[in-house]
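What follows is a short report on a single structure.
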Amino acid sequence: MCRVLAYVGPEIPCGSLLLAPENSLINQTLDPEMHPLLQLAGWGFGAWSEHLLKPDEPLRYRRPMAAFYDDNAEGIIPSLQASTLLAHVRAAAYDAGTVLADENCHPFSFHGTPFIIAQNGSLPHWQVLQRELLVHCKDEYLEQMRGTTDTEFLYVLLLSLLDGDSNDEVQRGLEEMLRVIGQAMKKLDLAGLTKLKMALVARDRIIGVNYGLGHEGEAHPTGDWRELRDAAPGTDDHSLAMLLEPMYVMTGRNFEDYEQSYGVDVTPADEATSAIFASEPLTEDTDDWSEVAFGEMVVLERSGDDISKTIRELDT
């Protein structure tokens, strides 16, 4: 299971998000809380800061190695701060077919869009499904694709389906993307569990997405993910649990006062100055985190010192 972390709020040291906490994203590479597999296939982040020469563009860093082996991390990250950040550690199959390269590390970033993307998910048979899906893809994004991952292709597909970058337009694009994927699977008889747990991030804005398709390509798979989690890893039930489990959001104030952890003075979103979107709760008090359930999209936006949070149900 890959891991995603996104932050929006006042500028804080990137080390407070990526290095300092005991269960930091880099440490989760070696010791993930909720899943047993190590994330050894690479890592990366994108960050926006007023202190960059191009504050409207993300500084992006990616390396195709386990994050805890990256000797550059402790040299670069402590020199950076950010008001918006998206970070990711990559899990991949433990076999020689996995391509370890910068181009396959998240987050992905293309010209012509404000969004960068990272995800914890998978699109099975995506190389063959391209026979049906490429018709929906625009050349301006296909020409920017450099790697060999399903996430980068999904990025191309989603951007091609967007009519704009408003929240309504992004929601419609996400809904259309799942629809055309389902159609392609049906036409090619390649239905499979499709897990799309995404973070689309622009400056001062996080769009977190939790949706997908079940084992038979159904848009509304059912089950209690907590009960299904008891199944053995690799079984259909365990895979379904990972599809149906929530993503998580925490909102609050004074994040800068908790440099060694992901703690904040937790508040409702309408009183908050910062927010984190993550694959799992990152603090011991899990009650501080609200769930983004399967089939939902969360929008976290910063305006001045204020954070807004909106949960939308995706029409799948």
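For region 155-302, the relative contact order works out to 21 percent when only alpha carbon pairs closer than 8 Å and six or more residues apart are counted. Computed over the chain, the per-residue total of -39500 (n - 2.57) for DSSP H runs of n ≥ 4 gives a 222 nm mean residue ellipticity of -6500 deg cm²/dmol, rounded to 500.
What the pair-distance distribution of the chain shows, using all Cα-Cα distances binned every 20 Å from zero, is 34, 61, 5 percent. Scaling against 2.2 N^0.38 Å puts the C-alpha radius of gyration of region 61-214 at 1.07.
A P(r) calculated from all alpha carbon pairs of region 149-241, with 5 Å bins opening at zero, reads 3, 12, 20, 22, 18, 13, 9, 3, 0 percent.
Taking 134, 154, 243 in turn, the Gaussian network model of the chain (Cα-Cα springs below 10 Å) assigns the largest fluctuation to 134. Here's the list of lysines a cross-link from residue 138 could span, going by alpha-carbon distance under 28 Å and ignoring same-chain residues fewer than 8 apart: 54, 186, 187, 195, 197. Computed from backbone phi, the HN-Hα couplings of region 170-180 come to 5, 4, 4, x, 5, 5, 5, 4, 5, 5, 6 Hz, rounded to whole numbers (Karplus: 6.51 cos²θ - 1.76 cosθ + 1.60, θ = phi - 60°; Gly and Pro given as x). Share of carbon and sulfur in the accessible area of the chain stands at 46%, probe radius 1.4 Å.
Per-residue accessible area (protein heavy atoms, 1.4 Å probe) orders 215, 125, 51 as 51, 125, 215, starting from the largest. Relative contact order, whole percent, for region 73-219 stands at 26, derived from Cα pairs under 8 Å and 6 or more residues apart.
Heavy-atom accessible surface of the chain, averaged per residue, reaches 43 Å², computed with a 1.4 Å probe.
Where does the charge balance sit around residue 101 when Lys and Arg score +1, Asp and Glu -1, over other residues with C-beta under 13 Å from its C-beta? Once all neighbours under 13 Å are counted, the net charge is +1. Which whole-number percent gives the relative contact order of the chain, counting Cα pairs below 8 Å spaced six or more residues apart? Result for the chain is 19 percent. Calculated FRET efficiency, residue 287 to residue 216, Cβ-Cβ distance, R0 = 30 Å: about 0.30 to the nearest 0.05.
The values are calculated or read from the model by the stated rules, or taken from the named source; none is laboratory data. Nothing here was measured: the structure is a model prediction, and the numbers come from that model. Backbone-built Cβ (ideal geometry, glycine too); neighbour counts: all protein chains shown. Just the protein is used for accessible areas: all its heavy atoms, side chains included, with ligands, DNA and RNA removed. Shrake-Rupley method; radii C 1.70, N 1.55, O 1.52, S 1.80 Å.
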